[in-house]
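Trainee: Sharing a structure here in structure tokens format.
The values are calculated or read from the model by the stated rules, or taken from the named source; none is laboratory data. Please read these numbers as outputs of a predicted model, since none were measured by experiment. Using ideal geometry, Cβ is built from the backbone for each residue, glycine included, and neighbour counts are taken over all protein chains shown. Surface accessibility is based on the protein's heavy atoms, side chains included, excluding ligands, DNA and RNA. Shrake-Rupley method; radii C 1.70, N 1.55, O 1.52, S 1.80 Å.
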Amino acid sequence: MDWRVFSAAIASFQIEQQGTTQKITATADTVGAVTMLFPVIDRFQAGFDTKTGCSAGFSKQTQEGRRKISSDLSFDYKEGKQTLTERNLVKGTTKQLTASIPACVSDSLSAIFYVGSQPLVVGQNFRFPLADSMRTVTVTMKVEAKEEVKTPAGVFQTVRVQPTADEGIVKNRGKIWIWYTDDARHIPVQVKASLFWGTITARLQSYETK
């Protein structure tokens with residue numbers, strides 16, 4: 001991941017299929033000068049049903065500067081509730097929040113790969129509900145164009161997709177684009193976020209199939 005002219009971080013994703021559930025484990029760590037300015041060590045776990053797109057839950061452990069937080073977001077579709085349990089590892093405090101959800105919802109990590117499970121036809125958009133900060137927002141995925149993208153992992157024929165929303169994390173993080181391989185796999189090979197303080201670009205370094 002690059003911020004302006006600097007290498008800012010390294011992120012990795014591990015995808016595992018268990019029946020109809022796709023499990024995702026992700027890490028993100030700052031590197032170089034960025035670590036000295038503001039160190040980040042983040043760990044994420046999520047999963048979703050590949051048939052329905054419904055999230056199975058989302059957990060994260062974040063160390064950002066002096067802040068250390070562990071949180072678990074669970075979904076009870078029968079009761080129509082989401083529950084967030086957040087632990088401040090520095091202060092030793094815990095808080096729990098509950099909010100309503102629809103019959104099916106995605107989380108912010110699973111959404112990246114749920115989108116990749118869709119047809120991705122240029123000119124067609126699709127929407128889905130996203131759990132965001134104890135709210136549910138509707139995200140629209142705009143399938144904009146086909147492009148050739150060069151990354152350290154190689155040159156890929158891709159489909160460029162832009163997520164948009166009227167509120168929440170997607171809107172507040174500026175403009176975002178994701179490039180998926182233009183094949184049955186739909187691997188995300190590049191992500192670009194244009195923010196008010198600069199642009200962050202993530203490019204695929206390598207991938208391995210086991």
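Trainee: Return the only residue of 195, 130, 204, 109 being within 17 Å of the chain's Cα centre (by Cα), of a type outside the set (Asp, Glu) and loosely packed, with under 15 Cβ neighbours inside 10 Å.
Mentor: Criteria check complete, one pass: 195.
Trainee: Something else about it: Could you run through region 28-49 and say how many residues are within 19 Å of residue 118 (Cα to Cα) and either open to solvent by 60 Å² or more (accessible area, probe 1.4 Å) or among the aliphatic types (A, V, I, L, M) (or both)?
Mentor: Result for region 28-49: 1.
Trainee: Taking the options 52, 94, 25, name whichever one is open to solvent by less than 70 Å² (accessible area, probe 1.4 Å) and of a type in the set (Val, Ile, Thr).
Mentor: Of the residues listed, the single one that is open to solvent by less than 70 Å² (accessible area, probe 1.4 Å) and of a type in the set (Val, Ile, Thr) is 25.
Okay, residues lined up against (1) touching a His at 6+ places or on another chain (Cβ under 7 Å); (2) over 21 Å from residue 188 (Cα atoms); (3) in contact (Cβ under 8 Å) with a residue 40 or more places away in the chain:
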site	(1), (2), (3)
97	no, yes, no
123	no, no, no
137	no, yes, no
141	no, no, no
152	no, no, yes
155	no, no, no
161	no, no, yes
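Trainee: Another question, then. For region 48-104, which positions are in a strand (DSSP E or B) and among the hydrophobic types (A, V, I, L, M, F, W, C)?
Mentor: Residues satisfying the conditions are 48, 56, 58, 69, 73, 75, 84, 97, 99.
Trainee: Restricting the search to region 55-74, which residues are over 18 Å from residue 134 (Cβ atoms), open to solvent by less than 60 Å² (accessible area, probe 1.4 Å) and of a type outside the set (D, E, K, R)?
Mentor: Matches in region 55-74: 65 only.
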